Amino acid sequence: MRLARVIGTLVSTVQHESFSGHKLLWVQPVDGAGRAVDAALIAVDGAQAGVGDYVLVVQEGKSARAVMENDKAPCEAVVAGVIDYIEIGGRQQPLEPPREETT
């Protein structure tokens, strides 16, 4: 599983029939401090997440297809949960949205 932040939704007028009824999210993998790591990816929403939410993403096709209840769906990633906070060393750490950079 990976920690990620939802940065957008995907809207597609033409799509594979397997995606009918499923929301697609654009997610940015992040580290424990909320900083971007790796490239953003598309995931099927299995947790009713929204833009700005921190989520758990499973990048494994079989798990994604299980959430979609379709073992033939062309899918490799699924949002499996929405994160409220991270606990490290007994302390709760809320994840903050990234700050806008000023120049």
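Considering only the range 65-85, state which residues are under 12 Å from Met1 (Cα atoms) and surrounded by fewer than 17 Cβ atoms within 10 Å (Cβ to Cβ). Break it down stepwise before answering.
Filtering the range 65-85 down to residues under 12 Å from Met1 (Cα atoms) leaves 77-81.
Once the filter is applied, which keeps residues that are under 12 Å from Met1 (Cα atoms) and surrounded by fewer than 17 Cβ atoms within 10 Å (Cβ to Cβ), the range 65-85 yields only Gly81.
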Cβ contacts < 7 Å: first residue closer than 11 Å to Ile42 by Cα, restricted to the range 55-84; second residue of a type in the set (Lys, Arg) and not in a loop (DSSP other than H, G, I, E, B), any location; separation 6+ or different chain. Result? Val57/Arg2; Gln59/Arg2; Cys75/Arg65
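The numbers here are math on the coordinates, done by the rules we state, and not lab data. Being a predicted model, the structure only gives us computed values, none of them experimental. Note that we place each Cβ from the backbone using ideal geometry, even for glycine, and neighbour counts take in every protein chain shown.
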